[in-house]
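Visitor: Just dropping this structure here.
The values are calculated or read from the model by the stated rules, or taken from the named source; none is laboratory data. For clarity, every value in this text was computed on a predicted model and none was experimentally measured. Cβ placement follows ideal geometry from the backbone for every residue including glycine, while neighbour counts extend to all protein chains displayed.
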């Protein structure tokens with residue numbers, strides 16, 4: 001069996017070349033998957049060990065990218081140390097046998113070996129896995145997460161030192177290094193994009209208005225959407241179920257507030273009273289604790305808290321003073337002017 005310049009038989013060189021190319025493709029795919037994957041989509045997949053590992057990888061972006069770059073560099077050097085000299089050594093006698101001088105054959109085989117190895121590494125080891133990772137960022141992130149975590153366990157000490165040195169250089173250049181990729185544009189950039197799209201006809205007036213309102217959501221508070229001159233559907237704290245039903249009939253609101261003086265202590269839905277046989281029971285026994293929102297609470301936070309509490313209503317406060325109540329019918333139009341509240345309930349004000 002003929003030994004090549006590397007001292008290995010040709011079949012061993014082929015096997016090692018294939019292994020190196022696969023490893024290079026692995027590190028390239030990890031790198032581009034990390035940069036293209038959306039964190040919120042990875043959070044949705046964090047129900048499996050691989051999904052949780054992918055989410056951890058996304059939280060250590062700079063360290064994982066350093067690990068990927070280290071792996072790609074080692075693979076490149078390995079191809080240069082194993083595959084290129086083997087191909088060079090194999091081509092030299094073939095070119096000499098067709099009549100080329102030995103020196104010319106040696107130079108030509110070196111150039112051809114370099115072109116072959118570079119092509120193999122770029123196309124198979126980098127471009128193909130890069131395209132796959134960009135096309136399926138979350139899938140590739142989850143698929144490759146556990147092997148990458150295993151590699152990071154071994155390489156973490158040297159990567160941490162390299163990353164610290166790189167961050168020091170970044171800070172010296174006047175920038176602040178980050179460990180997570182930005183998930184999108186800033187609101188001003190999005191507003192500009194919406195205006196441009198509307199001006200060139202890519203967005204209708206309705207969509208433009210809806211998207212602009214959605215961006216304003218981050219700047220609005222519950223005090224901004226609190227309806228003026230509210231007529232609260234309320235009864236005293238010692239009211240009975242019959243009192244709640246009567247208040248509903250008079251004011252046409254399905255949710256009735258239980259108030260102790262100027263303070264709301266509970267909310268009763270009239271639906272809960274219909275299954276009760278004794279309407280003389282105190283309504284406080286069926287009341288739910290009200291959701292309380294400070295007047296300066298942002299609409300996005302308010303919407304989340306109302307949804308999390310599985311209710312439709314919240315009490316707006318300014319310190320110890322209650323300003324009124326808001327419902328989803330007050331919040332959703334601020335997000336989407338054409339939104340329709342699906343609850344079907346009339347507001348409690």
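Visitor: Enumerate the pairs (first residue in the range 186-201 and assigned to a helix (DSSP H, G or I); second residue anywhere and at pLDDT below 65) with beta-carbon separation below 7 Å, excluding pairs fewer than 6 apart on the same chain, so at least 6 apart or on different chains.
Guide: These pairs meet every condition: 187/218.
Conditions tested, residue by residue: (1) buried (at least 17 other Cβ atoms within 10 Å of the Cβ); (2) assigned by TED's automatic domain parsing to the domain that holds residue 27; (3) at pLDDT 85 or above; (4) in contact with a strand residue (DSSP E or B) (Cβ under 8 Å, 6 or more places away or on another chain).
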{"position": "112", "(1), (2), (3), (4)": "no, yes, yes, no"}
{"position": "117", "(1), (2), (3), (4)": "yes, yes, yes, no"}
{"position": "128", "(1), (2), (3), (4)": "no, yes, yes, no"}
{"position": "135", "(1), (2), (3), (4)": "no, yes, yes, no"}
{"position": "140", "(1), (2), (3), (4)": "yes, yes, yes, no"}
{"position": "149", "(1), (2), (3), (4)": "yes, yes, yes, no"}
{"position": "163", "(1), (2), (3), (4)": "yes, yes, no, no"}
{"position": "196", "(1), (2), (3), (4)": "no, no, no, no"}
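Visitor: Please state which of the following conditions residue 257 fails to meet, knowing it meets all the rest: (1) at pLDDT 85 or above; (2) in contact with a helix residue (DSSP H, G or I) (Cβ under 8 Å, 6 or more places away or on another chain); (3) buried (at least 19 other Cβ atoms within 10 Å of the Cβ).
Guide: So residue 257 meets the others, but not (2).
Visitor: If I ask for residues that are closer than 20 Å to residue 126 by Cβ and part of a helix (DSSP H, G or I), which ones from the range 29-56 would you list?
Guide: 29, 30, 31, 32, 33, 34, 35, 36
Visitor: Does the range 83-92 include one or more residues that are outside any helix (DSSP H, G or I), in contact (Cβ under 8 Å) with a residue 24 or more places away in the chain and in the same structural domain as residue 162 (by TED's automatic domain parsing)?
Guide: There is no residue in the range 83-92 that is outside any helix (DSSP H, G or I), in contact (Cβ under 8 Å) with a residue 24 or more places away in the chain and in the same structural domain as residue 162 (by TED's automatic domain parsing).
Visitor: Restricting to the range 240-276, what's the tally of residues that are farther than 23 Å from residue 329 by Cα, outside any strand (DSSP E or B) and in contact (Cβ under 8 Å) with a residue 40 or more places away in the chain?
Guide: The qualifying residues number 3.
Visitor: Let me ask something else. Report yes if residue 183 is in a helix (DSSP H, G or I) and at pLDDT below 85, otherwise no.
Guide: It is false that residue 183 is in a helix (DSSP H, G or I) and at pLDDT below 85.
Visitor: Within the range 198-235, count every residue that is surrounded by 12 or more Cβ atoms within 10 Å (Cβ to Cβ), within 27 Å of residue 317 (Cβ to Cβ) and modelled with pLDDT of 70 or more.
Guide: Residues that pass the stated criteria total 13.
Visitor: While we're here: Restrict the check to the range 48-57 and report whether at least one residue is buried (at least 17 other Cβ atoms within 10 Å of the Cβ), over 30 Å from residue 146 (Cβ atoms) and touching a residue at least 24 places away in the same chain (Cβ under 8 Å).
Guide: No: the range 48-57 contains no residue that is buried (at least 17 other Cβ atoms within 10 Å of the Cβ), over 30 Å from residue 146 (Cβ atoms) and touching a residue at least 24 places away in the same chain (Cβ under 8 Å).
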